[in-house]
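The values are calculated or read from the model by the stated rules, or taken from the named source; none is laboratory data. Since the structure is predicted, the reported quantities are computational estimates derived from the model, not experimental observations. Note: ideal-geometry Cβ built from the backbone for every residue, glycine included; neighbour counts use all protein chains shown.
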Number of protein chains: 2
Amino acid sequence: VKRKERSISEYVEGVLASDRTILAQAITLVESNAERHMAMAQQLLQQLLPHTGNSLRIGITGVPGAGKSTFIEAFGTFLCERGHRVAVLAVDPSSSLTGGSILGDKTRMEQLARHPRAFIRPSPSGGTLGGVHRKTRETMLLCEAAGYDVILIETVGVGQSEGMVRGMVDFFLLLALTGAGDELQGMKKGIMELVDAIVINKADGDNKKRAELAKAEYNQILHYLRHATKGWKTKAYTCSALLGEGIAEIWDVIQQFMEVTKKSGVFMERRRMQMKDWLYAMIKDYLETSFFAHPIVKQTLPSLEREVMDGKQPVTMAVQQLIEQYERGAR
Amino acid sequence: VKRKERSISEYVEGVLASDRTILAQAITLVESNAERHMAMAQQLLQQLLPHTGNSLRIGITGVPGAGKSTFIEAFGTFLCERGHRVAVLAVDPSSSLTGGSILGDKTRMEQLARHPRAFIRPSPSGGTLGGVHRKTRETMLLCEAAGYDVILIETVGVGQSEGMVRGMVDFFLLLALTGAGDELQGMKKGIMELVDAIVINKADGDNKKRAELAKAEYNQILHYLRHATKGWKTKAYTCSALLGEGIAEIWDVIQQFMEVTKKSGVFMERRRMQMKDWLYAMIKDYLETSFFAHPIVKQTLPSLEREVMDGKQPVTMAVQQLIEQYERGAR
């Protein structure tokens, strides 16, 4: 039997009442690419907007194997036990390609997944980077309206997704391992200048000493780099997500960060600029998507691109040709 | 008396004959924003295209005070004396705003400016970043057609211009001073991962020891960062542009770079990708410029932007509204 579709007011009431089933369904609505669903989702968001923005938004990145799941499990559980309500979202660029989902997997965070104060949602699959951006941001808003006061957004440090996540969080954390040199070379360029803290995980057992060394190394490098947030000095820390050591200290750091940036106005200014940047990113995304999907462009561009790459046609002339043909066709 | 306008074939012949006056006039044509000039410029470039691409394109960046002019004077003169023909161009983001020109100032490179094998052209002033990009690239092509086999493109390490310059050169050099920490924090984020060499200038007199220290520091940081070019390890070097010391060594490094990257195919692959990236950048520039300059958009966007920043309207809804109004108006 097909489930009866909910009305917008049912969604609004359900989300505000923090009904997990309805929240999950509202997220599915926001993630849908069907036009009717998108229209409904926007009305829903419009009504929920006054109830959003009250969370602390934390991004967490790191190479595969850095222990992101274990860290989120430990950190999320720690926060839940202190009375917070924690939503875990994921931005997984690879899932757009494979259609699968690596991050935000509940089976990798069993303890947190069972916690009544936690809500875990895997990465939206499929679609463009712009689409994933919108879906993640709107899911975040739904979670805030449902009363989650800490949002953790997980991503892998390999591509364009870090910039996107940096653009939607207040605090951005890089989870690292010992052996900074080799590891950083596998990461996105400039990643260290995007984050507000570097946490060296797995500082336990035989690894403890090496983790301390890595911390010193990272702090030395950070000394020469630009900091991601005005008035905040990005530093390296250690923790053992496995043993739960250092987790409370990281929470202290984040609270200090909040205090400093809220007092200086940097916090609110960043949030406002993030909204503006997102607005412009969406507009540009629309412009490009509709242009590059146009039949005339799809037909003309490949050969023009080849001529340009082979040095047979000046770029400006190629662009002029393409646009003339496009504008003639669009009329 | 107004100068009689040259024909395209006069320009072509003049540039290929390396006539400095005609080259300068051809660049003025390329820099013009008048529609008739732009059409002529494209025909000119079309005809010159087979004679381009034969130079070594070197970008030079560094904070104000790093001694870029002195370095280019010394390096350029060194190359001219060894038989090369050197063109010096500048990309100056500030000149777009102020209408003035700081870089590529001939009075700061007197010796080089007088050299018969050198050609210095200051930054094109005014216009968008995309416009400056096009003008600089096309000026570079004109200089290549005129037989200049080393193109030096000077820029300041403060904004978006480094990405642009990186996108048009084969080798990118960061000119630095001693006291790496303080200096780098004033530079563009991720700049060290954009360059193929860091040259610590002013390694002379009392400063020599500190320059050596800075070199060691930079090399240590570079160890942890990603390299800009596949198969090439970015390292730090010292020189004294004032005394002409270390200049020959830097030229050796660049020649090694050329050998390695040409052999591996990275050199040609980068050039092809640069053309492709430029093509797409120009298309996007056109799309954005024509959208944001549209009267309906200019009228609607400011209030939508405010509502979005104040959290009064969901971003997706604002974008949909804007685009609906735009499309209705464009029909």
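Quick notes on this one:
- Restricting the search to helices (runs of 4 or more DSSP H) fully inside region A:1-90 and requiring at least 2 residues that are of a type in the set (D, E, K, R) and within 16 Å of A:A113 (Cα to Cα) gives A:68-81.
- B:E217 meets all of the listed conditions (1) within 14 Å of another protein chain (Cβ to nearest Cβ); (2) buried (at least 16 other Cβ atoms within 10 Å of the Cβ); (3) out of contact with any Leu (no Cβ under 8 Å at 6 or more places or on another chain); (4) closer than 26 Å to A:E162 by Cβ but one, namely (4).
- Positions within region A:121-151 being buried (at least 21 other Cβ atoms within 10 Å of the Cβ), modelled with pLDDT of 95 or more and not in a helix (DSSP H, G or I), in sequence order: A:A146, A:Y148, A:V150, A:I151
- Qualifying residue in region A:102-110 (condition: modelled with pLDDT of 85 or more and either surrounded by fewer than 17 Cβ atoms within 10 Å (Cβ to Cβ) or in a strand (DSSP E or B) (or both)): yes
- Scope region A:219-237; condition assigned to a helix (DSSP H, G or I) and at pLDDT 90 or above; matching residues: A:N219
- Restricting region B:73-98 to residues that are among the β-branched types (V, I, T) and at pLDDT 95 or above, the residue that is surrounded by the fewest Cβ atoms within 10 Å (Cβ to Cβ): B:T77
- Qualifying positions in region A:270-280 - surrounded by 15 or more Cβ atoms within 10 Å (Cβ to Cβ) and more than 9 Å from every other protein chain (Cβ to nearest Cβ): A:R270, A:Q274
- Restricting attention to region B:54-75, the residues being within 12 Å of chain A (Cβ to nearest Cβ) and among the β-branched types (V, I, T) number 0.
- In this entry, A:G244 passes the filter for residues that are at positive phi and surrounded by 14 or more Cβ atoms within 10 Å (Cβ to Cβ).
- A:T61 touching a Lys or Arg at 6+ places or on another chain (Cβ under 9 Å), of a type outside the set (A, V, I, L, M, F, W, C) and under 30 Å from A:L177 (Cβ atoms): yes
- Number of residues in region B:246-270 that are farther than 21 Å from B:R166 by Cβ, among the aliphatic types (A, V, I, L, M) and touching a strand residue (DSSP E or B) at 6+ places or on another chain (Cβ under 7 Å): the value is 0.
- Condition check for A:Q299: surrounded by fewer than 17 Cβ atoms within 10 Å (Cβ to Cβ), closer than 30 Å to B:E324 by Cβ and of a type outside the set (S, T, Y): yes
- Options B:L56, B:L79, B:L23, B:L89: the member that is touching a residue at least 40 places away in the same chain (Cβ under 8 Å) and closer than 20 Å to A:G311 by Cα: B:L56
- Just one of the listed residues (B:Q299, B:Q320, B:Q274) is at pLDDT 95 or above and either more than 32 Å from the chain's Cα centre (by Cα) or not hydroxyl-bearing (S, T, Y) (or both), and it is B:Q274.
- Test result for B:K284, of a type in the set (K, R), part of a helix (DSSP H, G or I) and within 14 Å of chain A (Cβ to nearest Cβ): yes
- In region B:1-18, of all residues being in contact (Cβ under 8 Å) with a residue 12 or more places away in the chain and not small (G, A, S), the one that is surrounded by the most Cβ atoms within 10 Å (Cβ to Cβ) corresponds to B:V15.
- Residue match in region A:242-260 (condition: within 14 Å of another protein chain (Cβ to nearest Cβ) and either within 30 Å of B:A41 (Cα to Cα) or assigned to a helix (DSSP H, G or I) (or both)): no
- For region B:28-53, taking the residues that are of a type in the set (V, I, T) and closer than 25 Å to A:D310 by Cβ, the one that is farthest from the other protein chains (Cβ to nearest Cβ) is identified as B:V30.
- Near pairs, Cβ below 7 angstrom, 6+ apart or cross-chain, from region B:153-174 (assigned to a loop (DSSP other than H, G, I, E, B)) to any residue that is at pLDDT 90 or above and of a type in the set (D, E): B:G167/B:D277
- Contacts under 7 angstrom Cβ, first residue in region A:302-331 being of a type in the set (S, T, Y), partner surrounded by fewer than 13 Cβ atoms within 10 Å (Cβ to Cβ), 6 or more apart: none
- Within region A:247-269, no residue satisfies the criterion of being without any contact (Cβ under 8 Å) to a residue 60 or more places away in the chain and crowded, with 21+ Cβ neighbours inside 10 Å.
- Tally, over region B:293-316, of residues that are part of a helix (DSSP H, G or I) and over 17 Å from A:R134 (Cβ atoms): 13
- Scanning region B:51-96 for residues that are within 18 Å of B:G244 (Cα to Cα) and among the polar types (S, T, N, Q) yields B:S69, B:T70, B:T77.
- Any hit, region B:253-268, residues being more than 25 Å from B:A74 (Cα to Cα) and among the basic types (K, R): yes
- The requirement of being exposed (fewer than 15 other Cβ atoms within 10 Å of the Cβ), within 13 Å of chain A (Cβ to nearest Cβ) and not hydrophobic (A, V, I, L, M, F, W, C) is fulfilled somewhere in region B:221-239, by at least one residue.
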